[in-house]
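A.B. asks: This is the structure, below, for whatever I ask next.
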Amino acid sequence: MEQLQKLSEAIINGDAKAARELTREALNHRVDPKVIVKDYLIPAMDEVGKRFECNEFFVPELLIAARAMKGSLELINPILASRGDKPAGRVVIGTVKGDLHDIGKNLVASMLEGAGFEIIDLGVDVSPETFVNSIKEKQPTFLALSALLTTTMPSMKHTIDALKEAGIRDNVKVLVGGAPVSSRYAEEIGADGYSDSASGAVGLVRSLMT
Amino acid sequence: MHSTLQEIVALRPVITDGAWGTQFQTKGLPQGACPDQLNLTKPEWVEQVARSYIDAGSNIILTNTFGANSIILEKHGLREKTFDINRAGASISKAAAAAKAFVFGSIGPSGKMLLMGEVTEDALKDAFSEQATGLAEGGADAIIVETMSDLEEAKIALASAKATGLPVFVSMVFDSGKDKDRTLMGTTIEDAASVLEEAGADGIGANCGSGIESYVPVARRLRASTKLPVWIKPNAGMPEIVDGKIIYTITPSAFASHAKTIIDAGVDFIGGCCGTDPAYIESLVHLK
């Protein structure tokens with residue numbers, strides 16, 4: 001168990017090499033992969049999120065921790081999948097139509113991937129129709145929409161309207177974020193959630209799962 | 001201090017300009033289209049926006065080149081036009097200024113993160129050098145590297161722009177952390193100022209990110225951290241949706257009253273970022 005505690009520390013410190021080695025070691029010692037994820041990896045990412053909230057960590061630390069987490073999950077997920085365990089949830093993510101900015105979207109995708117979610121990244125300048133088709137095909141639990149520009153924010157509303165028209169609005173929870181977006185705007189356009197940071201997005205998604 | 005810069009700083013408080021992108025949208029630029037391309041395809045629109053700020057009383061106007069680096073232009077299939085778009089942007093602003101104002105060539109971020117390995121330092125250097133050379137060739141009096149979230153990228157842009165021999169200002173976005181006083185990467189105002197001063201910046205600033213009301217402490221801290229001229233361009237508050245339209249609710253006169261406090265904090269250059277237009281600049285001119 002001491003080794004597993006070290007695994008948590010490796011994730012928090014963003015030490016991807018150590019995280020992989022400790023994960024491999026734990027799996028060799030027949031520790032239940034589900035226990036590794038639930039009791040050590042996720043609490044480590046929660047700690048990273050907490051440090052982010054109190055200004056101890058910033059985006060660079062978030063990213064290297066998420067990268068270390070991803071490395072561990074690459075060893076664990078195939079085992080879970082072969083046992084028939086499902087991932088935490090599936091997220092379709094993209095920057096809305098008219099907007100070519102992807103830094104914020106990529107940050108959120110990395111953090112959610114680090115938290116164990118399966119990410120389907122549709123890229124930038126994604127039309128409402130493309131989002132609708134992807135949701136029909138991939139059946140995700142969440143749809144995450146990003147916009148950096150004030151002028152492209154309305155594409156978030158158009159996307160939600162397109163989901164309604166296609167009769168699939170209630171099949172997904174819609175999350176929105178980006179520099180000009182506010183919780184008030186999220187409410188106005190009928191989104192299910194809003195986060196002002198990539199770290200907050202993980203907590204938001206988890207809170208909407210229960 | 002560079003002689004042109006000395007002349008500009010003497011106008012203190014120096015009034016800069018407001019937003020450009022939204023002005024093009026009202027003229028009919030479609031959503032998602034490249035505004036920088038207008039320098040070649042609709043130069044008359046660009047000149048109208050430039051002149052609207054000259055008429056409002058700006059001492060400095062920027063250029064319509066914020067996203068005109070080869071990394072962004074490539075996404076629009078315009079990579080080979082990089083130099084031409086920048087040269088045209090500078091010469092349009094220069095013509096509109098008609099010797100009544102100075103022109104600062106605008107260099108914005110690449111939109112790619114060094115840390116994520118999305119772009120290399122060399123690729124950034126090439127992109128910013130080409131852009132800066134075009135701006136200098138078009139007659140810019142100085143260069144403003146603006147809206148930067150990553151100090152590393154800002155330093156590369158600064159060094160590339162300095163190679164033109166023009167004075168170069170660098171303006172960062174401080175909108176992260178619980179007090180919204182760090183860059184996205186976690187850099188403090190004080191660290192940004194000292195690193196940029198050391199790296200040879202001729203002026204240091206903050207722009208975009210948040211509304212003007214939160215800029216007073218940022219301005220004070222920047223002023224206390226550097227001997228260089230300080231440049232501030234806040235947004236007109238946070239956008240809100242009224243009757244399905246996106247508007248900025250702060251009025252030009254409320255904007256100017258915050259700006260007065262910012263100028264009193266010792267800031268040399270003041271203007272507006274997202275959500276501001278010539279009416280906001282006019283209200284700043286009245287402070288002089």
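The values are calculated or read from the model by the stated rules, or taken from the named source; none is laboratory data. All values reported here derive from a predicted model rather than from experimental measurement. As a convention, Cβ positions derive from the backbone with ideal geometry for all residues, glycine included, and neighbour counts pool all protein chains shown.
A.B. asks: Suppose we filter the stretch A:147-180 for residues that are within 13 Å of chain B (Cβ to nearest Cβ) and in contact (Cβ under 8 Å) with a residue 24 or more places away in the chain; how many remain?
C.D. replies: Total satisfying the criteria: 16.
A.B. asks: Please specify each residue of the stretch A:8-37 satisfying the condition of being surrounded by 17 or more Cβ atoms within 10 Å (Cβ to Cβ) and under 24 Å from A:ALA201 (Cβ atoms).
C.D. replies: If the condition is that a residue be surrounded by 17 or more Cβ atoms within 10 Å (Cβ to Cβ) and under 24 Å from A:ALA201 (Cβ atoms), then A:SER8, A:ALA10, A:ILE11, A:ILE12, A:GLY14, A:ASP15, A:ALA16, A:ALA19, A:ILE36, A:VAL37 are the ones that fit.
A.B. asks: Under the condition of being in a loop (DSSP other than H, G, I, E, B), at pLDDT 95 or above and not β-branched (Val, Ile, Thr), which residue from the stretch A:124-146 is nearest to A:VAL92 (Cα to Cα)?
C.D. replies: Selected residue: A:PRO140.
A.B. asks: When the stretch A:45-58 is examined, which residues are found to be farther than 14 Å from A:LEU112 by Cα and not polar (S, T, N, Q)?
C.D. replies: The first filter runs over the stretch A:45-58 and keeps only residues farther than 14 Å from A:LEU112 by Cα, leaving A:47, A:50-58.
Selection gives A:GLU47, A:LYS50, A:ARG51, A:PHE52, A:GLU53, A:CYS54, A:GLU56, A:PHE57, A:PHE58.
A.B. asks: Still on this structure, I have one more. Return the residue satisfying two criteria in turn: it lies in the stretch A:38-48 and is crowded, with 21+ Cβ neighbours inside 10 Å and not aromatic (Phe, Trp, Tyr), and of such residues it is nearest to the chain's Cα centre (by Cα). Outline the logic, then answer.
C.D. replies: Going through the stretch A:38-48, the residues crowded, with 21+ Cβ neighbours inside 10 Å turn out to be A:40-41, A:44-45, A:48.
Applying the additional criterion that residues be not aromatic (Phe, Trp, Tyr) yields A:41, A:44-45, A:48.
Details: A:LEU41: 15, A:ALA44: 15, A:MET45: 12, A:VAL48: 14 Å.
In this case the residue turns out to be A:MET45.
A.B. asks: Same structure, new question: Being in a loop (DSSP other than H, G, I, E, B) and either buried (at least 18 other Cβ atoms within 10 Å of the Cβ) or under 16 Å from the mean Cα position of the chain (by Cα) (or both) is the filter here, so list the residues in the stretch A:64-110 that pass it. First the steps, then the outcome.
C.D. replies: Residues of the stretch A:64-110 in a loop (DSSP other than H, G, I, E, B): A:83-89, A:97-102.
Hits for the stretch A:64-110 are A:LYS86, A:PRO87, A:ALA88, A:GLY89, A:LYS97, A:GLY98, A:ASP99, A:LEU100, A:HIS101, A:ASP102.
A.B. asks: Next question. Please determine whether any residue of the stretch B:214-233 is crowded, with 23+ Cβ neighbours inside 10 Å and either of a type in the set (Lys, Arg) or within 14 Å of chain A (Cβ to nearest Cβ) (or both).
C.D. replies: Scanning the stretch B:214-233, I find at least one residue that is crowded, with 23+ Cβ neighbours inside 10 Å and either of a type in the set (Lys, Arg) or within 14 Å of chain A (Cβ to nearest Cβ) (or both), so the answer is yes.
A.B. asks: Right, another one. All but one of (1) exposed (fewer than 15 other Cβ atoms within 10 Å of the Cβ); (2) among the charged types (D, E, K, R); (3) modelled with pLDDT of 90 or more; (4) in contact with a Lys or Arg (Cβ under 9 Å, 6 or more places away or on another chain) hold for A:GLU61; state the number of the condition that does not hold.
C.D. replies: (1)
A.B. asks: Please work out which one of (1) touching a helix residue (DSSP H, G or I) at 6+ places or on another chain (Cβ under 7 Å); (2) part of a loop (DSSP other than H, G, I, E, B) is the condition B:GLY117 fails and give its number.
C.D. replies: (1)
A.B. asks: Right, here's the next one. Would you be able to tell me the number of residues in the stretch B:1-54 that are touching a Ser or Thr at 6+ places or on another chain (Cβ under 8 Å) and within 22 Å of B:GLY203 (Cα to Cα)?
C.D. replies: Residues meeting the conditions: 5.
A.B. asks: Buried (at least 20 other Cβ atoms within 10 Å of the Cβ) and farther than 28 Å from B:GLN31 by Cβ: does that describe B:ALA132?
C.D. replies: yes
A.B. asks: Still on this model: Here is a check on your reading of the model: is B:PHE66 away from chain A (no Cβ under 14 Å), of a type outside the set (Lys, Arg) and crowded, with 17+ Cβ neighbours inside 10 Å?
C.D. replies: So B:PHE66 fails the test.
A.B. asks: Do you know which of the residues in the stretch B:234-269 that are on the phi > 0 side of the Ramachandran plot and touching a residue at least 12 places away in the same chain (Cβ under 8 Å) is surrounded by the fewest Cβ atoms within 10 Å (Cβ to Cβ)? Show your work before the answer.
C.D. replies: So the first thing to find is which residues in the stretch B:234-269 are on the phi > 0 side of the Ramachandran plot, and the list is B:237, B:243-244, B:266.
Now drop any that are not touching a residue at least 12 places away in the same chain (Cβ under 8 Å), which leaves B:237, B:266.
On the way: B:GLY237: 21, B:GLY266: 14.
My answer is B:GLY266.
A.B. asks: Scan the stretch A:49-58 for residues that are among the hydrophobic types (A, V, I, L, M, F, W, C) and surrounded by 14 or more Cβ atoms within 10 Å (Cβ to Cβ) and jot them down.
C.D. replies: Once the filter is applied, which keeps residues that are among the hydrophobic types (A, V, I, L, M, F, W, C) and surrounded by 14 or more Cβ atoms within 10 Å (Cβ to Cβ), the stretch A:49-58 yields A:PHE52, A:PHE57, A:PHE58.
A.B. asks: Let me ask something else. Return the pair list, or none, for Cβ contacts closer than 6 Å from residues in the stretch B:183-205 that are within 21 Å of A:SER197 (Cβ to Cβ) and more than 14 Å from every other protein chain (Cβ to nearest Cβ) to residues that are at pLDDT 95 or above and assigned to a helix (DSSP H, G or I), at least 6 apart or on different chains.
C.D. replies: none
A.B. asks: I would also like to ask the following. For the stretch A:183-198, does any single residue satisfy the condition of being within 25 Å of A:ILE76 (Cα to Cα), within 11 Å of chain B (Cβ to nearest Cβ), assigned to a helix (DSSP H, G or I) and touching a helix residue (DSSP H, G or I) at 6+ places or on another chain (Cβ under 7 Å)?
C.D. replies: Yes, there is a match, as at least one residue in the stretch A:183-198 is within 25 Å of A:ILE76 (Cα to Cα), within 11 Å of chain B (Cβ to nearest Cβ), assigned to a helix (DSSP H, G or I) and touching a helix residue (DSSP H, G or I) at 6+ places or on another chain (Cβ under 7 Å).
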